[in-house]
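Trainee: One structure, pasted below without further comment.
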Amino acid sequence: MKKIIYALILPLLVVSGMVFANSEINKGTSKKPTPKPLSAAESKAALKKWEATPDGIFFKKWEASPAGIKVFGSEAKIRKSIREYTNMEGVVTSLSLPLGSRLGFGVMVRIKGDDYILSFGPDSKNEFEQLHNLKVSYKIIIRSHSVSHAPKYAYPIVAGDYIERDSKIIYKRVPNKGGC
């Protein structure tokens, strides 16, 4: 009887040892190697390569066009406020974004005499409920960490990180958990 029990337990121990060893091996090899950042020379070479593509050529032409120059000029007006994350006073000029835009929820605002797209991203879970109450000609205070541009849009795109109206915060972006 003891021999039968030992005969059953021994293969069980061998198999469980192999499974345990296999899981340890899988844990060690499942880590994906993190790509190292490109050096300055590699980045420059990649940019040159992209500029030779049809998209790159189109973008360079747009940059030099009057529309591109206007967008970059508007960006320059608010660059210091963006960099320092300081208040910018804006006036809501439209409650809808330009036709065909795919920026999610946003409004058009006038800051320092120029029009901007104030984008908040996809409207999920009624995150922007208080922003839906905005009306045209409302004065708001805007703080943002970034401004971007695209040839598709005739206006710079300001990311809405903090919006205040009548000294009341109506929107403040929640930072991503565990992210940058």
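The values are calculated or read from the model by the stated rules, or taken from the named source; none is laboratory data. From a predicted model like this one, the values you see are computed outputs, not experimental measurements. Backbone-built Cβ (ideal geometry, glycine too); neighbour counts: all protein chains shown.
Trainee: Here are the criteria: (1) at pLDDT below 85; (2) surrounded by fewer than 19 Cβ atoms within 10 Å (Cβ to Cβ); (3) farther than 30 Å from S65 by Cβ. Tell me which single one G121 does not satisfy.
Mentor: The failed condition is (3).
Trainee: Looking at the structure I just gave you, is V92 exposed (fewer than 15 other Cβ atoms within 10 Å of the Cβ), hydrophobic (A, V, I, L, M, F, W, C) and more than 30 Å from G56 (Cα to Cα)? Give the derivation first.
Mentor: Numbers: exposed (fewer than 15 other Cβ atoms within 10 Å of the Cβ): no; hydrophobic (A, V, I, L, M, F, W, C): yes; more than 30 Å from G56 (Cα to Cα): yes.
No: the conditions fail for V92.
Trainee: Could you please give the count of residues in the range 119-157 that are within 14 Å of K172 (Cα to Cα), more than 14 Å from the chain's Cα centre (by Cα) and assigned to a strand (DSSP E or B)?
Mentor: Residues in the range 119-157 being within 14 Å of K172 (Cα to Cα), more than 14 Å from the chain's Cα centre (by Cα) and assigned to a strand (DSSP E or B): 4 in total.
Trainee: Which pairs have Cβ atoms under 7 Å, sit 6 or more apart or on different chains, and link a residue in the range 68-96 that is touching a residue at least 24 places away in the same chain (Cβ under 8 Å) and outside any loop (DSSP other than H, G, I, E, B) to one that is among the charged types (D, E, K, R) and surrounded by 14 or more Cβ atoms within 10 Å (Cβ to Cβ)?
Mentor: Short answer, once both residue conditions are applied: S74/D114; K77/D114; G90/R110; V91/R110; T93/R110; T93/D115.
Trainee: Oh, and also: Looking at the range 79-87, is at least one residue surrounded by 14 or more Cβ atoms within 10 Å (Cβ to Cβ) and either of a type in the set (A, V, I, L, M, F, W, C) or within 18 Å of V109 (Cα to Cα) (or both)?
Mentor: Here is the first cut: in the range 79-87, the residues surrounded by 14 or more Cβ atoms within 10 Å (Cβ to Cβ) are 81-82.
Cutting the leftovers down to either of a type in the set (A, V, I, L, M, F, W, C) or within 18 Å of V109 (Cα to Cα) (or both) gives us 81-82.
The answer is yes; a qualifying residue exists.
Trainee: Starting from residues that are hydrophobic (A, V, I, L, M, F, W, C), out of contact with any Gly (no Cβ under 8 Å at 6 or more places or on another chain) and free of Cβ contacts under 8 Å to residues at least 40 places away in the same chain, keep the ones in the range 97-108 and report whichever is nearest to E164 (Cα to Cα). Working first, answer last.
Mentor: Quick first cut of the range 97-108, residues hydrophobic (A, V, I, L, M, F, W, C) only: 97, 99, 103, 105, 107-108.
Keeping just the survivors that are out of contact with any Gly (no Cβ under 8 Å at 6 or more places or on another chain) gives 99, 107-108.
Then keep just the ones that are free of Cβ contacts under 8 Å to residues at least 40 places away in the same chain; that gives 99, 107.
On the way: L99: 26, V107: 14 Å.
If we take residues in the range 97-108 being hydrophobic (A, V, I, L, M, F, W, C), out of contact with any Gly (no Cβ under 8 Å at 6 or more places or on another chain) and free of Cβ contacts under 8 Å to residues at least 40 places away in the same chain, then V107 is nearest to E164 (Cα to Cα).
Trainee: If you scan the range 105-118, which residues turn out to be part of a strand (DSSP E or B) and out of contact with any strand residue (DSSP E or B) (no Cβ under 8 Å at 6 or more places or on another chain)?
Mentor: If we filter the range 105-118 for residues that are part of a strand (DSSP E or B), which is where we start, we get 105-111, 114-118.
Correct list: D114 only.
Trainee: Let me ask another. If I ask for residues that are touching a residue at least 24 places away in the same chain (Cβ under 8 Å), over 19 Å from the mean Cα position of the chain (by Cα) and surrounded by 14 or more Cβ atoms within 10 Å (Cβ to Cβ), which ones from the range 109-118 would you list?
Mentor: Residues satisfying the conditions are V109, I111, D114, D115.
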